[in-house]
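A.B. asks: My structure is below; once you've seen it, I'll send some questions.
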Amino acid sequence: MSSRAGTVSLLALLLACGGEQGTVYRVDHAGHPVDVVAPATRIVSLSPSLTELLFAIGAGDRIVGRTRWGALPRAAEAVPSVGDGLSPNLETILAREPDVVVLYHTPTNAATIDRLRAVGVATLSVRMDRLEDVPEAARLLADVLGDLPGADTLADRFEVRLDSLRRRTVPSGSGPSVAILAWDAPPVVIGGGSFLSQLLELAGAHNVFADLDVPSATVSLESIAHRDPDVLLLVGGGEPTVLDRAEWRTVSAVEEGQILSLDGDSYSWPSLRSLDLVEELSGAIRGVRS
Amino acid sequence: MTRWLLLFSTALGTIVVGVAVGPSGLDLRSVVGGVLGSAGEPTVTIVRDLRVPRVLLAFLVGGSLGVTGAALQALVRNPLADPYLLGLSGGAGLGAVTAIALGAASPWAVPLAALVGSLGAIALVYRLALIAGAGLDVRVLLLAGVVIGAFAASLMGAIMALVPAPEVRNALLWLLGSFSRASWPAVLLFAVYAAVPLVILYRLARPLDLLTLGEEPAGYLGANVARTRRTLYVMASLLTAVAVALSGIIGFVGLIVPHAARFTWSRLHQTLLPATFLLGGSLMVIADAVARTAFAPLELPVGVVTALIGVPVFVALIRKWAA
């Protein structure tokens, strides 16, 4: 897959050399060549994380459609909604007359991309799972959409900060161990493939399910009790009902009240603000431990 | 007598295996120590408060689904009947999904909502079936069940289309079934509750035999067909409703176990029902053990495993049946 993508990149580069003025040839994370006439002024975003990133790099006023849920920042609420991000309504999107539709890169979106491209709409798939995806996404968006001079600086600054946080981080295993719970029945935990797991390491803690390289997974309650995290971190804005349930008291963090509940929105997807959460997270973990 | 001994030891064996295996990979000595209370602290809690109640709940739910399936197959005289046929899964799913979509905050909110949804579906189906007379015409009962189930399922579909994506995913997980909620209070609750419908269904064993002969012969042979049918439907439904509330919708146990028991055991309900209970419980314990350990620490939905085990068995049964 990656070698194929590499070949396509090379091809795209060759094409770009002979390309028309004003046309940028690029390959997105799904491997599709993108031919967007820059600057693109009508963008439909089918992912809340990309909507937020577009606003952050100064392209907010060019968004003409967003998803129904997760409108961040506040200004995004003024953008008309085109419905759901996954299996979206094609007609609503087309009615916004987009120059490009940006999507979160996931296999689930493959059919949507095919359908959009079949009716002649340019698409851009962007990976947004881990922290290092954020600056790369900012650069890709700026490159493809055009006329976003601030994006590179923001991306550089993010990477510099990420590097310095990483250098500061104590070696894994010495800090408190944490299980991040996204849902309780059946238990769904955040794995090492998620930016949340990275944030936890940067905050000096360790995700007991870091060995699962997926963003999230259903696990058995017994494996949580067995891995015995010092702290149980609840994300997704759910109420901590685990406190009141007999079976959850087998997890010593629950029995001892070492539970931390975090506001859903800022922890829902990676963004340029994500690194601001490191301090908050390490403070909160210290707080619940003392 | 030896056949019963075999069945009881199978049931006991699966329970022992269910307690012995788990995602934390404790060795047998630790598990025994955990049961006896002589092992270290996390081990005792894991074995006594997680594994044992989970295995017991799986056994009770599996057994109850088996008995319900056997009773309903006799009631509607259709080999394809299972505990969810008569609109119950739709009602339970609608209740659970509604609670999840509303962000239910109490630990018992989802099970209670599922129970309310099932009871609503049972009441509606029962009322509809009575329109054709007090005898619960089987054709009307089946149609009413399918129609109410479909209606509840489409309401559920509408809610799932309108709520944010993570809630939809969580609702889907619930619908696939899991014993992750198992705890001692849940086991005791289910055991106390299930005892009454199980005993009543067992006492209907003779009329159930007669019902399989058909409505008229059953009447001639002394069965009160109308009353038997009503009791049967209500008891089977109430039993399934609580199973669904505690563990979600787990398919195939209630469909294939009664058939397997009929082939290998007896067609007479007085022996068929207890055999179905023990076989259904055993199958569910094994399926849950596979769900917990096959890809540990990941857990498969137990409904997926029962189908993976159940479909090949069912295919083999159909081949044998048709031959």
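The values are calculated or read from the model by the stated rules, or taken from the named source; none is laboratory data. These numbers were taken from a predicted model, which means no experiment stands behind them. For neighbour counting, all protein chains shown are included, and Cβ atoms are generated from backbone atoms with ideal geometry for every residue, glycine included.
A.B. asks: Identify the single condition in (1) charged (D, E, K, R); (2) under 29 Å from B:Leu255 (Cβ atoms); (3) away from chain A (no Cβ under 14 Å) that B:Arg29 does not satisfy, given that it satisfies every other one.
C.D. replies: Against the list (1) charged (D, E, K, R); (2) under 29 Å from B:Leu255 (Cβ atoms); (3) away from chain A (no Cβ under 14 Å), B:Arg29 comes up short only on (2).
A.B. asks: Could you tell me which residue of segment B:14-69 is farthest from B:Ile309 (Cα to Cα), considering only residues that are without any contact (Cβ under 8 Å) to a residue 24 or more places away in the chain and charged (D, E, K, R)?
C.D. replies: Once the filter is applied, the top-ranked residue is B:Glu41.
A.B. asks: In this structure, does A:Gly173 turn out to be over 19 Å from the mean Cα position of the chain (by Cα), at pLDDT below 90 and within 20 Å of A:Ile43 (Cβ to Cβ)? Full working, then the answer.
C.D. replies: Numbers: over 19 Å from the mean Cα position of the chain (by Cα): yes; at pLDDT below 90: yes; within 20 Å of A:Ile43 (Cβ to Cβ): no.
Spelling it out, it is not the case that A:Gly173 is over 19 Å from the mean Cα position of the chain (by Cα), at pLDDT below 90 and within 20 Å of A:Ile43 (Cβ to Cβ).
A.B. asks: State which residue is farthest from A:Val144 (Cα to Cα) when the search covers only segment A:24-68 and only residues that are part of a helix (DSSP H, G or I) and aliphatic (A, V, I, L, M).
C.D. replies: So, considering only residues that are part of a helix (DSSP H, G or I) and aliphatic (A, V, I, L, M), the one farthest from A:Val144 (Cα to Cα) is A:Ala56.
A.B. asks: Please go through segment A:135-174 and pick out each residue that is part of a helix (DSSP H, G or I), acidic (Asp, Glu) and in contact (Cβ under 8 Å) with a residue 24 or more places away in the chain. Before you say what the answer is, go through the steps one by one.
C.D. replies: Of segment A:135-174, the ones part of a helix (DSSP H, G or I) are A:135-145, A:151-168.
Next, only the ones that are acidic (Asp, Glu) stay: A:136, A:143, A:152, A:156, A:159, A:163.
Passing the criteria: A:Asp143, A:Glu159.
A.B. asks: Separate question: Determine, yes or no, whether B:Ala70 is within 14 Å of chain A (Cβ to nearest Cβ), at pLDDT 85 or above and over 30 Å from B:Gly34 (Cα atoms).
C.D. replies: no
A.B. asks: Pick from A:Glu132, A:Glu91: which is among the acidic types (Asp, Glu), without any contact (Cβ under 8 Å) to a residue 40 or more places away in the chain, exposed (fewer than 15 other Cβ atoms within 10 Å of the Cβ) and over 30 Å from B:Ile249 (Cα atoms)?
C.D. replies: Sole residue among the options that is among the acidic types (Asp, Glu), without any contact (Cβ under 8 Å) to a residue 40 or more places away in the chain, exposed (fewer than 15 other Cβ atoms within 10 Å of the Cβ) and over 30 Å from B:Ile249 (Cα atoms): A:Glu91.
A.B. asks: Of these, B:Ala287, B:Ala275, B:Ala261, which one is assigned to a helix (DSSP H, G or I) and at pLDDT below 90? Break it down into steps so the answer makes sense when it comes.
C.D. replies: Details: B:Ala287 fails: at pLDDT below 90; B:Ala275 fails: at pLDDT below 90.
Exactly one of B:Ala287, B:Ala275, B:Ala261 is assigned to a helix (DSSP H, G or I) and at pLDDT below 90, namely B:Ala261.
A.B. asks: Considering each of B:Ala226, B:Ala195 in turn, give the residue that is over 19 Å from the mean Cα position of the chain (by Cα), in a helix (DSSP H, G or I) and not basic (Lys, Arg).
C.D. replies: B:Ala226
A.B. asks: Also, quick follow-up: I'd like to check which helices (runs of 4 or more DSSP H) are fully inside segment A:175-290 and have at least 1 residues that are closer than 23 Å to A:Val126 by Cβ and in contact with a strand residue (DSSP E or B) (Cβ under 6 Å, 6 or more places away or on another chain). Spell out the reasoning first.
C.D. replies: On the way: elements: A:195-202, A:221-227, A:252-255, A:276-289.
Ranges flagged: A:195-202.
A.B. asks: For A:His206, only one of the following conditions fails: (1) within 14 Å of another protein chain (Cβ to nearest Cβ); (2) closer than 25 Å to B:Ile46 by Cα; (3) surrounded by fewer than 23 Cβ atoms within 10 Å (Cβ to Cβ); (4) in contact with a Pro (Cβ under 9 Å, 6 or more places away or on another chain). What is its number?
C.D. replies: Unmet condition: (1).
A.B. asks: Just checking, how many residues over segment B:99-157 are within 14 Å of chain A (Cβ to nearest Cβ), part of a helix (DSSP H, G or I) and not aliphatic (A, V, I, L, M)?
C.D. replies: 2
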